[in-house]
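Q: Just passing along the structure, written as structure tokens.
The values are calculated or read from the model by the stated rules, or taken from the named source; none is laboratory data. Just so it is clear, the model here is predicted, and its values are computed rather than measured. For neighbour counting, all protein chains shown are included, and Cβ atoms are generated from backbone atoms with ideal geometry for every residue, glycine included. What goes into the accessible areas is simple: the full protein's heavy atoms, side chains included, and nothing from ligands, DNA or RNA. Shrake-Rupley method; radii C 1.70, N 1.55, O 1.52, S 1.80 Å.
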Amino acid sequence: MSEIRLAAETRTEFGKGAARRARRAGLVPGVVYGHGLAPVHLNLPGHDLMMALKTPNALLVVPIEGKDEYVLPKAVQREAIKRTIEHVDLLLVKRGEKVTVEVPVHTEGELAAGGNLLEHVLQALPIEAEATHLPEAVTVSVEGLEAGASVLAKDIVLPAGVALAVEADAVVLQVIAAQAAPVEDEAAEGAEA
């Protein structure tokens, strides 16, 4: 995963009024915490942050006290209607540090014929990996799976240096048979009448 560099400035004003002024200026208030350090309050560029957060578990580089630091988005608060970013909590990480995150599960291939349905029991798979080498997603082949088949967490091939952070027997995907209502023949109904 590549690093996404964001310009940031330290916040000196706090409260609702200061946050509103920052948002009007196109900035998003945020806080960086972790590693036992006092929280650092920042204003981040709104558009750049929105684009960076389109990537799951984006590794961001922000300047803190004159030094570039790695951070991961921990919590993002969005406005209810417009879905704009209101506030972001960022977790400070170091190179080589292991972190636990959830990565999206993508599927490829076609299920066996017969109208089967694929159920995503886990939309995202909890994994543990080095903060600077997080995968964007894991891909699972469902080619030819029939009704009743399941894909367990231990069956998913993970990149090197990535470990499961969930029980190995946890069901990630399962194939279920489609339950269709019986279709009544219109011609038969007309003959009965």
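Q: Report, by residue number, each residue of the stretch 81-112 that is hydroxyl-bearing (Ser, Thr, Tyr) and out of contact with any Lys or Arg (no Cβ under 7 Å at 6 or more places or on another chain). Working first, answer last.
A: First, the residues of the stretch 81-112 that are hydroxyl-bearing (Ser, Thr, Tyr): 84, 100, 107.
Scanning the stretch 81-112 gives Thr100, Thr107.
Q: Follow-up question, since we're still on this one. Checking Lys82 against (1) in contact (Cβ under 8 Å) with a residue 12 or more places away in the chain; (2) assigned to a loop (DSSP other than H, G, I, E, B), which single condition isn't satisfied?
A: Going through (1) in contact (Cβ under 8 Å) with a residue 12 or more places away in the chain; (2) assigned to a loop (DSSP other than H, G, I, E, B) one by one, Lys82 breaks only (1).
Q: Kindly list the number of the only condition in (1) loosely packed, with under 15 Cβ neighbours inside 10 Å; (2) touching a residue at least 60 places away in the same chain (Cβ under 8 Å) that fails for Lys16.
A: The single condition Lys16 does not satisfy is (2).
Q: Please determine, by comparing only the residues of the stretch 52-85 that are surrounded by fewer than 16 Cβ atoms within 10 Å (Cβ to Cβ) and among the acidic types (Asp, Glu), which one is nearest to Leu27 (Cα to Cα).
A: Glu79
Q: Among the candidates Leu90, Leu44, Leu49, which residue alone is open to solvent by less than 50 Å² (accessible area, probe 1.4 Å) and modelled with pLDDT under 90? Let's see the steps before the verdict.
A: Numbers: Leu90 fails: modelled with pLDDT under 90; Leu44 fails: modelled with pLDDT under 90.
Answer to the check: Leu49.
Q: Still on this model: Look through Val88, Val40 and report the one residue that is touching an Asp or Glu at 6+ places or on another chain (Cβ under 8 Å) and of a type in the set (A, V, I, L, M).
A: Val40
Q: If you don't mind, another one. Does the stretch 120-142 hold any residues that are open to solvent by 70 Å² or more (accessible area, probe 1.4 Å), assigned to a loop (DSSP other than H, G, I, E, B) and either among the charged types (D, E, K, R) or touching a residue at least 60 places away in the same chain (Cβ under 8 Å) (or both), and which are they?
A: Those that are open to solvent by 70 Å² or more (accessible area, probe 1.4 Å), assigned to a loop (DSSP other than H, G, I, E, B) and either among the charged types (D, E, K, R) or touching a residue at least 60 places away in the same chain (Cβ under 8 Å) (or both): His133, Glu136.
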